[in-house]
1. How long is the gain from Ala330 to His459 if the chain were fully straight, where each residue apart is worth 0.36 nm and the alpha carbon distance is subtracted?
2. If the cut-off is a Cα-Cα distance under 26 Å, which lysines reach Lys333, setting aside same-chain residues fewer than 8 apart in sequence?
3. Measure up Lys369/Lys531; Lys207/Lys531; Lys296/Lys532; Lys296/Lys536; Lys207/Lys536 against 24 Å on the Cα-Cα distance and list the ones that go over.
4. Compute the accessible area per residue over the chain, keeping the other protein chains in place, probe 1.4 Å, unit Å².
5. Measure off, as a whole percent, the carbon and sulfur share of the 1.4 Å-probe accessible area of region 394-450, all protein chains present.
6. Which value in Å does the Kirkwood hydrodynamic radius of the chain take, with 1/r averaged over all unlike C-alpha pairs and then inverted?
7. Considering only DSSP states other than H, G, I, E and B, which trypsin sites (Lys or Arg not before Pro) in region 164-220 qualify as loop sites with at most 11 other Cβ atoms within 10 Å?
8. So what is the calculated 222 nm ellipticity per residue for the chain, using -39500 (n - 2.57) for each DSSP H run with n of 4 or more, over all residues, to the nearest 500 deg cm²/dmol?
Amino acid sequence: QFFVFCHGLLQLSQLLVSGYLKSSISTIERRYGLSSQTSGLLASFNEVGNTLLIVFISYFGSRVHRPRFIGCGAILVSLAGFLMSLPHFITGPYEYDQSVASMFSNTTDLCQPRVPASRGNLSDAGCTPHAARENHEVLLVMFIAQALLGIGGVPIQPFGISYIDDFASERNSPLYLGILFSVTVIGPGVAFMLGSAMLRFYVDIDKVAGDDIQLTNKDPRWVGAWWLGFLVAASLVAISAVPYFFFPREMPKEVGERDFPVILLRNLRHPVFLLVVLAQVNLSAMVAGLATFMGKFLERQFSLTASLANMIIGAVNIPGAMVGIVVGGAILKRFQMSLRQCSAMCVLGMFLCLLLAFPLLFLGCPTQKVAGVTYSESSEFEHYALECNLQCNCPEKAYNPICGSNNIEYISPCSAGCRVVNINADNNSVLNYTNCSCISENGLAGFAKPGTCGTGCSHLFLPFVVLSCLAGILASISHTPSFMLILRSIQPEDKSFAVGIQFMLLRVLAWMPGPVLYGSAIDTTCILWEKKCDRKAACRYYDNNLFRQR
């Protein structure tokens, strides 16, 4: 029981490292200008190191000192966590476009008719060879850290599961595994909560004095302290690793020597094993994509801050899935189900989940009106839109969204033709922009507030969360029965190996491609890209309807 406790703790903190990346992905995209395809690849890259090794490690499962191997893996995971936060310390402070000349720059993005068009702008400053190299270094470090994270995670789950299943009674084993699986699900939940907490701090909290931070976390340009969570998570893993070096090897009697290829084929030809694993592959591919981009989806669809989106996922969606897993395990134990009943239970859960998830296609709002991007009143308006800020010489790439009094969003104060910015003297923040030639109200120049207009979708947010949570509970009821189908239908001495093959197939067919496919699909719905050095960087605006449907 102490081993189950330690293993739960270790899995929790290991998932904290890998799950935390998913919670801060939209922030890292913004900070380093990544497309969703790139960030999806980054999120799934830990599976690469994992896949290469998992089958072999599981095969040697009954011949090595399992607890000690788990401990060594945990040390690697911890190292990977510290590496993930390194980019923050090797790059300069975060820069963004702003209207108020400040310690960062003396340019502003207001409408300035007298200034020639070639005026400097922050976005272009990031184009020196040094900046480009810095960006490559950041990606390299992160990809290496992710690969290490995968390699370190290899022994943890298969060895832990087989160690427990070897020494627990037949009747208690499902209970212990159920506890572990529910922890496996809490892990990402805690990771999202950690993300929610850390992203409330400004990214350069260690480099910039508090008074100099001009953004609030509601601002679309806000970047939270994404690196802090990695430090916390990595430290936790390091602590959890310690007990493993003191567990006994203690193995039951060996069952004859076995041949690697023979067992591999024996399991792959087993119809129940193969079908259940393929079903799990389909489910996992969806979960992998959702886990990576659900936060980003909520941020865009319902105009939430990154911190709040993570809070919802961590406090509602993931605990829901956990409830499902525990309920599934409890039903199994209570009714001592046969394998046939197990599969019936899986089918029923999935079917009900589909019914509840279907309405989610329609729960959302279109993208807010953004002048020149998603919106133009008429061809006459287009002509006028060009005219109204023509004399402003706007920098092409400025991004500092404002919401006009006409409820239309503009990419920057300059594109709305605003000439005056009013500052709140107390905290140096922007109150509003006035004298804006593109925002006309009753023939007079209108005004604008800083920040985006939002999608006006808040009333659909609650139904969306409730339905997605219920669908998640129903889907995850099938988790433990599907595992039991595998553990009980194969030969007992193949257990460790079969779980290894299963995890490998899940990784190759689901966890690796899932986030990349989701990211690519999300990229296809982008309508305005940030440009860095003439290449696409992060997406500024998505077509919300397409984003939701795809």
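1. Values: separation 129, 0.36 × 129 = 46.44 nm, distance 3.59 nm.
Value of the extension gain: 42.8 nm.
2. The reachable lysines, counting only those whose Cα sits under 26 Å from Lys333, are Lys495.
3. Table pairs above 24 Å Cα-Cα are Lys207/Lys531; Lys207/Lys536.
4. On the way: 23880 Å² over 550 residues.
It amounts to 43 Å² per residue over the chain.
5. On the way: 1200 of 2560 Å².
C and S atoms contribute 47 percent here.
6. Working: mean 1/r = 0.0396 Å⁻¹.
After inverting the pairwise mean of 1/r, the radius is 25.2 Å.
7. Values: sites: Arg171, Arg200, Lys207, Lys218; in loops: Arg171, Arg200, Lys207, Lys218.
In loop regions of region 164-220 (DSSP not H, G, I, E or B), the sparsely surrounded trypsin sites (Lys or Arg not before Pro) are Arg171.
8. Working: 21 runs with 312 residues, N = 550.
Taking each H run of at least 4 residues, the total per residue is -18500 deg cm²/dmol.
The values are calculated or read from the model by the stated rules, or taken from the named source; none is laboratory data. Just so you know, these numbers come straight off a predicted model, no measurement behind them. Backbone-built Cβ (ideal geometry, glycine too); neighbour counts: all protein chains shown. Please note that ligands, DNA and RNA were not included when accessible areas were found on the heavy atoms of the full protein model with its side chains. Shrake-Rupley method; radii C 1.70, N 1.55, O 1.52, S 1.80 Å.
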